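The values are calculated or read from the model by the stated rules, or taken from the named source; none is laboratory data. On a predicted model such as this, the values are computed, not experimentally measured, just so you know. Backbone-built Cβ (ideal geometry, glycine too); neighbour counts: all protein chains shown. Keep in mind that these areas ignore ligands, DNA and RNA; they rest on the heavy atoms of the full protein, side chains included. Shrake-Rupley method; radii C 1.70, N 1.55, O 1.52, S 1.80 Å.
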Amino acid sequence: MTENKTVLKWLDEMKELLQPDNVVWIDGSKEQTEELRAEAVRTGELFKLNQELLPDCYLHRTNPNDVARVEDRTFICTSKKEDAGPTNNWCDPNQMYEKLYNIARGSYQGRTMYIIPYSMGPIGSPLAKIGIEVTDSVYVVLNMLIMTRVDKKVLEVLGDSNDWVRGLHSRCQVDPENRYICHFPEDNTIISVNSGYGGNVLLGKKCFALRIASYQGWKEGWMAEHMLILGLENPQGEVKYIAAAFPSACGKTNLAMLIPPEYLRKKGYKVWTVGDDIAWMRIGPDGRLYAINPENGFFGVAPGTNEKSNFNALESTKKGTIFTNVALDLNNNTVWWEGLNKNLPENALDWKGNPWDASKFDKADKSTCAAHPNSRFTAPAENCPCISEEFNKGAGVPISAIVFGGRRAKCAPLVYQSKNWENGVFVGSAMASETTAAAAGAVGVVRRDPMAMLPFCGYNMADYFEHWLQMGKKLGDKAPKIFNVNWFRTDDEGNFVWPGFGDNMRVLNWILDRCDGKADATETAIGYVPKPEDIDLTDLDMDMDTLKDILTVDKEIWTKEAAEIEEHYKKFGDKLPQELRNQLENLKAGLK
Ligand code: OXD
Ligand code: MN
């Protein structure tokens, strides 16, 4: 497949270490994909779903001990501990290589080594990068074929370059005690052992496209961010692009695939999805910031996805999709999950493959759920009805606005604009979300998750903040404007005030109008907040006073928030950029 010496040498080392019975190169061809699907069905790794209703769709169940990313077993292995920073687990690279090689040695005996050359981003795009993953799992191969671009051309584009990311995955015994997801950013290497769950084993995704790529971006002057990318088309046919970062469970996939309210649809407004999870951004020839989605599919959470919450995501799952840990409806061999519809299947297997008793289902008790709360669909992006025509183009899309956000019951207003880039970096660095009843543990606990990158930043977060500040200096007046949104303000009874979903488009319109200098705002201590009349409430059952309420900036709450940000900053010690300290002082002064 290739003469690239760096690739051949690494593969020889991997073969010697792992001792596979067979070696198979994955080429992305239809024939090979079909053969692998058939083999996975034979071995029981995949279950073939109803091919009339769900063509080319399959169900997979993971080991019940292996259903989510494992942050406590995720490591950044840099020579200097300081380079991993205070928010990552760190281990000396030599020690970690030795430990992982001991775990993986001989683990492919009796198994096949699949070699997957893949491109993150359109093949050959100047914003794309190449990886090679070896794995002993057909499930991983079939997911990588959806989530990344796998094609013979990838190796042609690579040529004899050494700029590619090495990824070793071995299921080993799926032993949680020996499960490790390790990154060696100085060597462009990822090693994942003892897991078969998506986020831990589809090495192109969080491991490469965020942890390794964020480190590369730091060294090479670009950005890898945990952001959706959407294009908003106005009735004149102009499309402007927004990149947005929210922590988990804040509706990133829903915002990326938003359907505008009817009155805006009638006027000709449209939303186009470029990406739902990751953005790679570089300064283009005209000095603006351009973004691509390095992925080729959606690895979305199934529960809660339905025709109303996210029609476009649901449509995306109707062909060529792999479902993981959802329920199997035995009446017609289709899939089901909590929140798909109200028709609880009467004859179904739960995510573990056991008969499911719908009469015992209790929403409040996760153990009675048919689908695992973190069950997933791996769906090709090309299925998405609103996929952007820029999605497959390598040039990327110019970003007008960057949006941060989180779940805050009382603190952040519905939307505000930061005062400038530095202030926007401050807003991102202090980003936080409150825990909900949906997650284990106490409700309403504030978790700081800077730029939604806490579990995904492959280097010291203080250096990461500095990198953001430097990017702003390079972009100058071409920099995107930075905003913060909060769809989750609650009233005195704890009910959400803002309707969310498609109606979030009203806020996006204000954001883009601000970028064009067309919308008004009031300056506050935290930034520019819309005047209530600047948010269009057409057809919405909401009065101005209610809107005014969720646009307020409460000085007392924000004084407490500033104190908490100061505490959060202490983790970074002297490495925290002075600009961010100044920003915090400005906020405190503005609140006096
Ligand atoms: C994801 C995550 O799965 O952010 O995308 O956890
Ligand atoms: Mn994510």
Name the single residue, out of those in segment 186-207 being part of a helix (DSSP H, G or I) and more than 14 Å from ligand 1 (Cβ to nearest atom), that is nearest to Met453 (Cα to Cα).
Glu186
What strands (runs of 3 or more DSSP E) completely inside segment 99-179 contain at least 1 residues that are in contact with a Pro (Cβ under 7 Å, 6 or more places away or on another chain)?
112-120, 129-135
Of all residues in segment 52-74 being surrounded by fewer than 20 Cβ atoms within 10 Å (Cβ to Cβ) and not in a loop (DSSP other than H, G, I, E, B), which is nearest to the chain's Cα centre (by Cα)?
Glu71
Lone qualifier among Glu434, Glu523 - being open to solvent by 20 Å² or more (accessible area, probe 1.4 Å), away from ligand 1 (no atom under 16 Å from the Cβ) and at pLDDT below 95
Glu434
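Rundown of residues vs (1) open to solvent by less than 60 Å² (accessible area, probe 1.4 Å); (2) part of a loop (DSSP other than H, G, I, E, B); (3) of a type in the set (Asp, Glu), yes/no style:
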{"residue": "Asp541", "(1), (2), (3)": "no, yes, yes"}
{"residue": "Leu547", "(1), (2), (3)": "yes, no, no"}
{"residue": "Glu556", "(1), (2), (3)": "no, no, yes"}
{"residue": "Thr559", "(1), (2), (3)": "no, no, no"}
{"residue": "Ala563", "(1), (2), (3)": "yes, no, no"}
{"residue": "Asp574", "(1), (2), (3)": "no, no, yes"}
{"residue": "Glu579", "(1), (2), (3)": "yes, no, yes"}
{"residue": "Gln583", "(1), (2), (3)": "yes, no, no"}
Restricting the first residue to segment 287-315 and requiring it to be open to solvent by 20 Å² or more (accessible area, probe 1.4 Å), which pairs with a second residue that is among the acidic types (Asp, Glu) and part of a loop (DSSP other than H, G, I, E, B) meet a Cβ separation below 9 Å and a spacing of at least six or different chains?
Pro303/Glu338; Gly304/Glu338
Being under 30 Å from Lys270 (Cβ atoms) and more than 14 Å from the chain's Cα centre (by Cα) narrows it down to one residue among Tyr215, Tyr241; which is it?
Tyr241
Filter the helices (runs of 4 or more DSSP H) completely within segment 221-327 down to those with at least 1 residues that are within 14 Å of ligand 1 (Cβ to nearest atom).
252-256, 307-316
Can you name the residue in segment 390-413 that is aliphatic (A, V, I, L, M) and surrounded by 20 or more Cβ atoms within 10 Å (Cβ to Cβ) and is also farthest from Lys560 (Cα to Cα) among such residues?
Val397
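For every residue, the table says whether it meets (1) farther than 28 Å from Val67 by Cβ; (2) charged (D, E, K, R); (3) touching a strand residue (DSSP E or B) at 6+ places or on another chain (Cβ under 7 Å); (4) within 15 Å of ligand 2 (Cβ to nearest atom).
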| position | (1), (2), (3), (4) |
| --- | --- |
| Ile190 | no, no, yes, no |
| Gly204 | no, no, yes, yes |
| Trp218 | yes, no, no, no |
| Ala224 | no, no, yes, yes |
| Met227 | no, no, yes, yes |
| Gly237 | yes, no, no, no |
| Ala243 | yes, no, yes, yes |
| Thr253 | no, no, yes, yes |
| Met257 | no, no, yes, yes |
Kindly check whether there is at least one residue in segment 174-196 that is modelled with pLDDT of 95 or more, at positive phi and of a type in the set (Val, Ile, Thr).
yes
Can you tell me which residue among Leu155, Leu210 is within 16 Å of ligand 1 (Cβ to nearest atom), under 30 Å from Tyr114 (Cβ atoms) and not aromatic (Phe, Trp, Tyr)?
Leu210
Take the conditions surrounded by fewer than 24 Cβ atoms within 10 Å (Cβ to Cβ) and among the small types (Gly, Ala, Ser) and apply them to Gly353. Does it pass?
yes
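This table checks each residue for (1) assigned to a helix (DSSP H, G or I); (2) touching a residue at least 40 places away in the same chain (Cβ under 8 Å); (3) under 30 Å from Glu186 (Cα atoms); (4) of a type in the set (Val, Ile, Thr).
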{"site": "Gly444", "(1), (2), (3), (4)": "no, no, no, no"}
{"site": "Pro499", "(1), (2), (3), (4)": "no, yes, no, no"}
{"site": "Asp503", "(1), (2), (3), (4)": "yes, yes, no, no"}
{"site": "Leu512", "(1), (2), (3), (4)": "yes, yes, no, no"}
{"site": "Lys518", "(1), (2), (3), (4)": "no, no, no, no"}
Taking only segment 480-497 into account, find how many residues are surrounded by 23 or more Cβ atoms within 10 Å (Cβ to Cβ), in contact with a helix residue (DSSP H, G or I) (Cβ under 7 Å, 6 or more places away or on another chain) and of a type in the set (A, V, I, L, M, F, W, C).
4
Sort out which residues of segment 23-51 are in contact (Cβ under 8 Å) with a residue 60 or more places away in the chain, surrounded by fewer than 18 Cβ atoms within 10 Å (Cβ to Cβ) and assigned to a helix (DSSP H, G or I), and write them in order of number.
Glu39, Thr43
